[in-house]
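Only one structure is covered here, and it is reproduced in the block below.
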Amino acid sequence: MTIKNVQNIAVFSIIATIAFATFATSSVFAEEDRKYKMTGDITPVLTFTFRDGVEVYSFPVFNMGENLISDSGVSFSVEGTVTKSPLLHEAMDQAYKYRFSNNAFDYQMKYFDVDAAFIKEGKSIMSIDYNTCRIDNYQVETLDSNDYESYFKDVGFAVVDKIDFVCSGVDIDKKFVKPAVSFTDFGDSGFKFAKDTKTFVTFMYDNGAEKIQFPVFNLVSAYEESQENVIAEFKVEGVLEYYPLLYKAIKNSKDVSGMTYASNIDFDAKVEFTNGEETLRGFNFRECVVSDAKIVTKADKEEGFTGKSGFAVVHQLTFTCSGIKPINSNFEKLYGDTPIWKTSQLSNVYMESLQNTDQGLDVFTTFTFANGIETIEFSMFKQSEVLTATENVNNENGNTGVAAEKFTRKTVAPTLELRGIVGDYPMLYKHVDNNRKIQSVAGSALKDLVDLDVEIVSNGEVVRGFNYSTCRVTDYTVETDPNNEESYIKNKFALESIFNFECQGYTPNNPIYDAMFEIESANNISSADLRNTQDWGKGFYVQ
């Protein structure tokens with residue numbers, strides 16, 4: 001029986017009832033089809049080829065242990081409701097029986113091959129071939145909600161097999177077919193995004209380009225404050241799909257992994273954050289390679305098994321690049337028709353339209369730059385614990401007397417974090433982009449500083465405020481923080497900008513308290529308001 005025959009069995013048997021056939025000394029066993037809520041209709045179907053026969057099962061949870069690019073081993077794990085799987089269970093039992101045997105000892109069910117096919121609409125969009133695998137560990141566990149809710153019918157429990165596998169090799173079983181056109185736009189992902197702000201990544205290769213929308217984007221590194229050069233690195237995540245040129249780059253990175261004599265093929269990537277009308281922000285990455293590629297399943301305990309939630313099979317891809325150039329097209333628009341050399345001060349106001357705060361509070365932050373002022377309403381504002389101090393005691397090799405004399409207390413510099421859906425604040429973008437150019441240059445920490453004024457407003461009245469002076473940006477990222485599988489199941493994602501600042505000065509404002517002690521004086525006429533007597537009319541004189 002060939003592997004291709006096994007794959008065909010995997011595709012057709014998953015939608016059939018239990019099928020059992022005997023071929024000489026080999027048998028094929030397929031489980032009864034169980035319907036789970038799978039995002040994008042992607043279902044992992046695993047074909048196990050044992051010495052005694054073949055078994056085909058769909059596991060809603062499939063997780064790669066190491067990424068495809070690394071040269072650190074091959075492992076994966078699965079989770080699924082306990083079901084009839086005689087050969088797989090026998091392999092698990094024999095692994096326990098011979099667990100203390102010498103590693104070189106071979107027994108009947110020790111080694112087997114596994115083909116992991118990812119089925120969509122009855123067809124395999126891609127598959128991963130694992131060879132010479134063995135059971136590394138396993139357990140049976142009843143999954144619940146970790147509280148009393150599972151005892152009620154609408155929540156429930158799930159009794160699942162959790163199995164870990166270790167293999168000697170892995171390969172992506174998908175023949176590369178060059179696209180008929182040089183540029184392929186895979187269109188909209190179908191997910192909903194806060195403020196309709198979406199991420200599109202255009203990968204540009206030597207033999208073509210692919211534009212893909214990913215629901216999850218993370219700028220891993222590029223802007224953080226460091227005395228060393230910071231690499232440009234970003235990560236994306238989305239429902240598993242096969243992209244020919246991208247997966248050719250993944251396969252190439254895998255093939256040259258660990259080899260010192262082979263070169264990787266690099267490509268450029270253009271990242272755009274758009275709201276359907278314009279590109280609010282973006283990055284041009286150059287000379288990138290795939291540094292990490294994994295396929296995992298997003299799940300939450302028992303919820304996917306009991307039908308309360310579902311599963312999402314996703315690929316997580318990380319790219320390391322040699323350089324990054326930010327896209328900030330709206331900055332030039334602030335000048336309008338006025339020549340740049342005639343404009344000394346710019347101004348911009350951006351209000352976050354997404355608000356759901358207790359008591360209807362709004363937080364406004366005003367940035368005072370050297371070339372202008374920008375006021376932004378962020379969804380989230382977080383300041384550090386301003387009274388925190390660090391203590392240092394030099395123990396002087398155990399001499400506590402000397403140590404007491406050298407007791408020091410150092411106040412921690414005030415810091416703050418601002419978060420919000422990626423928006424139109426070009427002056428702030430320009431500031432962080434300029435700071436990135438000097439982030440690893442010694443002696444540049446006091447260059448291009450900014451003042452921040454934060455006001456917390458309730459019904460148009462400022463109830464609290466903070467003045468941060470001479471601040472520098474210590475990090476800036478753009479990221480999506482999905483809520484496990486729920487973001488995929490509930491179809492909701494949010495792409496955030498995150499800014500971190502450290503300041504030299506901090507002044508709190510309490511306008512309500514100050515107003516309590518303002519004394520209003522009567523509007524009476526004082527002697528200072530009278531005309532000089534020498535200017536009086538007839539009948540009056542100066543003595």
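Mind counting the residues in region 249-263 that are under 24 Å from the mean Cα position of the chain (by Cα) and open to solvent by 30 Å² or more (accessible area, probe 1.4 Å)?
First pass over region 249-263, keeping only residues under 24 Å from the mean Cα position of the chain (by Cα): 249-251, 253-254.
Checking which are open to solvent by 30 Å² or more (accessible area, probe 1.4 Å) leaves us with 251, 254.
The qualifying residues number 2.
In region 154-203, of all residues being of a type in the set (Asp, Glu) and over 22 Å from ALA249 (Cα atoms), the one that is least open to solvent (accessible area, probe 1.4 Å) corresponds to ASP161. Total residues in region 480-516 satisfying the condition of being touching a Pro at 6+ places or on another chain (Cβ under 6 Å) and within 30 Å of ASP448 (Cα to Cα): the figure is 2.
Answer yes or no as to whether VAL296 is surrounded by 12 or more Cβ atoms within 10 Å (Cβ to Cβ), in contact (Cβ under 8 Å) with a residue 60 or more places away in the chain, aliphatic (A, V, I, L, M) and in contact with a strand residue (DSSP E or B) (Cβ under 6 Å, 6 or more places away or on another chain). It would help to see each step written out before you state the result.
Numbers: surrounded by 12 or more Cβ atoms within 10 Å (Cβ to Cβ): yes; in contact (Cβ under 8 Å) with a residue 60 or more places away in the chain: yes; aliphatic (A, V, I, L, M): yes; in contact with a strand residue (DSSP E or B) (Cβ under 6 Å, 6 or more places away or on another chain): yes.
Spelling it out, VAL296 is indeed surrounded by 12 or more Cβ atoms within 10 Å (Cβ to Cβ), in contact (Cβ under 8 Å) with a residue 60 or more places away in the chain, aliphatic (A, V, I, L, M) and in contact with a strand residue (DSSP E or B) (Cβ under 6 Å, 6 or more places away or on another chain).
So which residues in region 106-148 are closer than 19 Å to PHE76 by Cβ and basic (Lys, Arg)? Answer for region 106-148, where residues must be closer than 19 Å to PHE76 by Cβ and basic (Lys, Arg): LYS110, ARG134. Quick check on LYS211: is it basic (Lys, Arg), touching a Ser or Thr at 6+ places or on another chain (Cβ under 7 Å), open to solvent by 40 Å² or more (accessible area, probe 1.4 Å) and modelled with pLDDT of 95 or more? Judged against the criteria, LYS211 is a match. Filtered by the rule that a residue be surrounded by fewer than 18 Cβ atoms within 10 Å (Cβ to Cβ) and not aliphatic (A, V, I, L, M), region 66-83 gives GLU66, SER70, ASP71, SER72, GLY73, SER75, THR81, THR83. Within region 366-380, the set of residues being modelled with pLDDT under 95 and of a type in the set (Phe, Trp, Tyr) comprises PHE369, PHE378.
What do you reckon, is TYR223 part of a loop (DSSP other than H, G, I, E, B), open to solvent by less than 40 Å² (accessible area, probe 1.4 Å) and aromatic (Phe, Trp, Tyr)? Spelling it out, TYR223 is indeed part of a loop (DSSP other than H, G, I, E, B), open to solvent by less than 40 Å² (accessible area, probe 1.4 Å) and aromatic (Phe, Trp, Tyr). Taking the criterion of being farther than 18 Å from HIS431 by Cβ, open to solvent by less than 30 Å² (accessible area, probe 1.4 Å) and under 29 Å from the mean Cα position of the chain (by Cα), the residues of region 457-490 that qualify are THR480, PRO482, GLU485, SER487, TYR488. Among the residues of region 434-454, those identified as at pLDDT 95 or above and either touching a Pro at 6+ places or on another chain (Cβ under 6 Å) or of a type in the set (D, E, K, R) (or both) are ASP451, ASP453. Once region 457-493 is narrowed to residues that are free of Cβ contacts under 8 Å to residues at least 40 places away in the same chain and outside any strand (DSSP E or B), the residue that is nearest to MET351 (Cα to Cα) is GLY460. LYS342 meets the conditions (1) farther than 23 Å from SER497 by Cα; (2) open to solvent by less than 70 Å² (accessible area, probe 1.4 Å); (3) modelled with pLDDT under 95 in every case but one. The failed one is (2).
The values are calculated or read from the model by the stated rules, or taken from the named source; none is laboratory data. Note that the coordinates shown come from a computational prediction; the quantities given were computed from them, not determined experimentally. Because the Cβ atoms are built from the backbone with ideal geometry, glycine has one as well, and the counts that use them run over all protein chains shown. With ligands, DNA and RNA removed, areas are computed over all heavy atoms of the protein, side chains included. Shrake-Rupley method; radii C 1.70, N 1.55, O 1.52, S 1.80 Å.
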